[in-house]
Structures are given as C-alpha cells and as structure tokens.
Ligand SMILES: Cc1ncc(COP(=O)(O)O)c(C=O)c1O
C-alpha cells in the first residue's frame, strides 16, 4: 500500500521546541506568559495594520468573544455566511442569538453582498430590529468581497466580525484578511496555515477592546484582591506552551503560504486539459488567496463521474480528500434559521472536493493525486 497522503497536515519548522523549552526552563508552564505576549506581537506585525491581537484557546472562542463584545444576547439575530464550517455560526447560539444565513456569490464562493442587503432589509421589515452583527468568511483562504460587505454594513450601522480562520496570509487589495472588520477571528487548529496544536486569536481594533477580550477570556475577574465578578466570564486564553509552538511556527508561515500557493498552481498546470474540472480561483488581481486548500469542482455530466466517485477512488489509493463544507442552511441543526440566497453553495457542496494541500506535500504526492483523477476518465 502506498503511504497515506493527508488533506492538510501540520508542519513544524524546528524552532517550536526552543520556545517550549524556554517556557519549561523559566517555569512558565502556565496559562499566559512571555510566549503569549510574543506570539501576539508576531501576529500583529504580520498583519501589517494597527490592530491588537489576543491569543485564545480556539478560533471558535474568538468568534464567541467577538459576539459577546458586540453585545449579542438572547433573541438577537446575527447574519452569517451559509457556506462555512459550523464553528462560524455555533457561537451565535451560545449567546442565545439566532443565525440568519446568507448565500454565496459564484466567483469568491463567499457572502454575496446582494443577498446580504436583501437579508438586512427583510429582517428589519419582519422583526422591526436590525441584525446585531455580520459574519462573512474568507473560505478556503479566498477573500470575501469585504469592501462591499463593509460598505453595506456601514450603511445600516451593523458591525462586521470577519471569520479569517482559514485566511491567514490572504490579502484583499493588498490588505491582510483579518484586518477589515470590527473584530476578526484567526484559527491555529492542526490543519490551518500554522498551528499551536489547537488555538485561535481575536483581532481587535483598539487596545481597549483587546483588554476587554482578555478580561472575558480569563473568567471576567473584576479588579479586587478577592474573586469578584460582575460579568459572565470564560476560560478561553491560550497557554504559554501552545503560544511557544505558535512563535516557532511564525518562522515558517511565509513558507507555508508560498508552498500552498505553489501546490495550487501545480494542480492547475497538471489538470489544465480537463475542462470538466474547475478551480476555486482569485476572481481578479484584488484577490490574493493563500489557497489554504485547493478546491475543485467536477461537472459530473461532462466528466462522467461524481465528486463522491472520485473521493472513494482516492480513499482506495490511500489519499485523503474531503467534500466542500456542507452549507449551514442545509444542516439539520439550523433547519429553522432564515436563509437568503440561491443555493450556489449547495451546488458547490454537491460537486466540490478539497484536494491534499498541506505544506509537507511533495510534487510527487501531487502527481500521485493527479494520476487518480486522470484514471477516472478512462
Ligand atoms: C471557517 C472557520 N471558522 C472557524 C473555525 C474554528 O476554529 P477552531 O477550530 O480554532 O475553533 C474554523 C476551523 O476550525 C473554520 O474553518
């Protein structure tokens, strides 16, 4: 049996253990500490904007704390992109809020500004209240049409919480994803651009918001010598050990971005003669995806096979691939949530597949994947 090719494996650059060792040597084997501060500074620098980053235990925790600070409470509606992972929407329900899902546009696969506008107006007319926040997602690293989304949000004075969990290093009009919204979430889960084994961050606009985030992330302790609480708090901070991995990973982040883009390019070159296969592609030069995962769409009528046929063949050859995210408006758990869109994302889910894309993939691995696709045509 050939060795397994995984969808997106973590890759350690070698510096990670230095920071972990330092934490052990100085007995900072606790939550918080110099690695957390250092990792936050590194991320701030990387984002090249005047932002304040707070390292947390997960990207999901980041979205949750963003919503807490935007004042989302029981009965509030929050608009969320339908085409995403459930972690974008789940935190809305932690606050007792209700997700309102918005469909995608065909080129970026992200939130359609037109459907967003329709959703806002319809919710106002139906409930008499504005949605409390908007969560667009830069899915698979592809930047959303974030300037149009923010222009609409501003028109109605609704804050934007950007889900940039998959988009570290992606840019829209030369500006890094994660620096556009009132808040933004990053993820350092095992399969992301860099990992801290598990972790995330909330990108804030101001130092005050960052302080507030830290306050909520560490059990919301009021200033007092004893334990005094006037808010509900959470235990969401990143540990000094995990942040040590993150600091080490910052040394390879640029390489990871470059390699994922290179892998994407190699797939395109090797599959250029198969018109029944199309790629998730930067629509124009305003968009610069990190190509976290290379995604293809199969036209089953033209190709003579479906994405599930291909996925099963890959599995037989010990290659991990995955269907695209199943949209939230089609998930049983969100069946009673409003949806505004034309189900483009449902069709993408039916016909789309994520190909192995991790930074440890060799060119030979990619050729092995492509050979299976070629075989499907015979
Ligand atoms: C789009 C999206 N949002 C949010 C998350 C949540 O991040 P985490 O797994 O770090 O909680 C993920 C990844 O897992 C994601 O892909």
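Computed from the coordinates by the stated procedures, all read-outs in this text should not be read as laboratory data. Bear in mind that the values here come from a model prediction, so they are computed numbers and not experimental data. Glycine also receives a Cβ, built like all others from the backbone with ideal geometry; neighbour counts cover every protein chain displayed.
Here is how the numbers come out for the structure above:
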{"read-out": "Cα-based shape type of the range 45-119, given that a ≥ b ≥ c are square roots of the gyration tensor eigenvalues and the cut on a/c is 1.5", "value": "oblate"}
{"read-out": "Inverse mean reciprocal Cα-Cα distance (Kirkwood Rh) of the range 134-174, Å", "value": "10.5 Å"}
{"read-out": "Separation of the residue 284 and residue 50 label points, Cα + 7 Å toward Cβ, nm", "value": "3.0 nm"}
{"read-out": "At R0 = 41 Å, FRET efficiency that the Cβ-Cβ distance of residue 308 and residue 205 yields, to 0.05", "value": "0.40"}
{"read-out": "Kirkwood Rh and Cα Rg combined as Rg/Rh, the range 132-263", "value": "1.02"}
{"read-out": "The chain: C-alpha gyration tensor shape, a/c 1.5 cut-off, then a/b vs b/c", "value": "oblate"}
{"read-out": "Percent antiparallel among DSSP beta bridges (both partners in the range 100-215, rounded to 5)", "value": "60 percent"}
{"read-out": "Inter-probe distance in nm under a simple model that places probes 7 Å from Cα toward Cβ, at residue 129 and residue 230", "value": "2.5 nm"}
{"read-out": "For the range 138-192 versus the range 204-259, the gap between their alpha-carbon centres in whole angstrom", "value": "19 Å"}
{"read-out": "The chain - share of DSSP beta bridges that are antiparallel (%, nearest 5)", "value": "65 percent"}
{"read-out": "Most fluctuating residue given options 197, 278, 230, as computed from a GNM of the chain linking Cα atoms under 10 Å", "value": "230"}
{"read-out": "Packing-based exposure ordering (other Cβ within 10 Å, fewest first) of 203, 53, 252", "value": "252, 53, 203"}
{"read-out": "Segment residue 157-residue 318, length gained on full extension (0.36 nm per residue, minus Cα span)", "value": "53.0 nm"}
{"read-out": "Global form of the range 233-377, assessed from the alpha-carbon gyration tensor, a/c cut-off 1.5", "value": "oblate"}
{"read-out": "Separation of alpha-carbon centers, the range 70-88 and the range 293-356, rounded to whole Å", "value": "23 Å"}
{"read-out": "Exposure proxy order (Cβ contacts within 10 Å, fewest to most) of 42, 157", "value": "157, 42"}
{"read-out": "Neighbour-count order for 114, 365, 50, fewest beta carbons within 10 angstrom listed first", "value": "50, 114, 365"}
{"read-out": "Contour minus Cα-Cα distance for residue 301 and residue 367 (0.36 nm per residue)", "value": "21.3 nm"}
{"read-out": "Most mobile of 271, 47, 353 in a GNM of the chain (Cα contacts under 10 Å)", "value": "271"}
{"read-out": "Pair residue 222, residue 343: separation of 7 Å Cα→Cβ label points (nm)", "value": "5.3 nm"}
